[in-house]
Amino acid sequence: MLSWPAHISKTCFLNWAALLHLCFCVFCSTLFSLQYGRWLMIQDILDSWLQWLVILALTVTHTLLTLLLPVPDCPTGYLGPGGLHNYSFSPNCTGGAAGYIDRIVLGENHIYQHPTCHSIYETVIPYDPEGK
């Protein structure tokens with residue numbers, strides 16, 4: 001099976017979200033443009049406060065999902081390749097939380113079946129490294 005559905009769908013969604021965000025922030029910045037006086041040196045940051053807030057929220061959400069999402073049969077926050085890594089402590093944890101979400105959303109048939117970690121760590125779970 002090809003791995004392009006996972007990668008293309010994520011790329012399209014992120015591009016769409018970035019465009020919407022940019023259009024909204026440009027519209028808002030023209031409405032609320034102020035003179036900052038002594039804060040002039042950081043005016044570009046103050047003008048784009050909404051963008052900073054959205055990016056911060058996305059980063060925190062991604063980090064929390066990666067490190068706190070309980071994945072079945074895996075230690076919480078696992079980031080390794082699975083398989084033989086760490087003396088086969090977590091053999092079915094390839095991709096960690098990102099791989100788990102991909103398998104739930106896309107299904108195993110639409111994920112790359114032979115990732116690069118397969119030959120090194122003898123992993124058994126499909127994983128799309130491009131979708132991470």
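The values are calculated or read from the model by the stated rules, or taken from the named source; none is laboratory data. Remember, predicted model here, so these are calculated numbers, not experimental data. Glycine also receives a Cβ, built like all others from the backbone with ideal geometry; neighbour counts cover every protein chain displayed.
Annotations
- Figure legend. Inter-residue proximity from region 93-119: first residues more than 19 Å from LEU65 (Cβ to Cβ), second residues at pLDDT below 80 and assigned to a helix (DSSP H, G or I), beta-carbon distance below 6 Å, spacing 6+ or different chains. Indicated pairs: HIS110/PRO5; PRO115/PRO129.
Rundown of residues vs (1) acidic (Asp, Glu); (2) within 12 Å of the chain's Cα centre (by Cα); (3) under 21 Å from HIS110 (Cβ atoms), yes/no style:
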{"residue": "LEU56", "(1), (2), (3)": "no, no, no"}
{"residue": "VAL60", "(1), (2), (3)": "no, yes, no"}
{"residue": "VAL71", "(1), (2), (3)": "no, no, yes"}
{"residue": "TYR78", "(1), (2), (3)": "no, no, no"}
{"residue": "ASN86", "(1), (2), (3)": "no, no, no"}
{"residue": "PRO91", "(1), (2), (3)": "no, no, no"}
{"residue": "GLY99", "(1), (2), (3)": "no, yes, yes"}
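- Residue check, LEU22 modelled with pLDDT of 85 or more, farther than 30 Å from GLU108 by Cα, surrounded by 11 or more Cβ atoms within 10 Å (Cβ to Cβ) and of a type outside the set (Phe, Trp, Tyr): no
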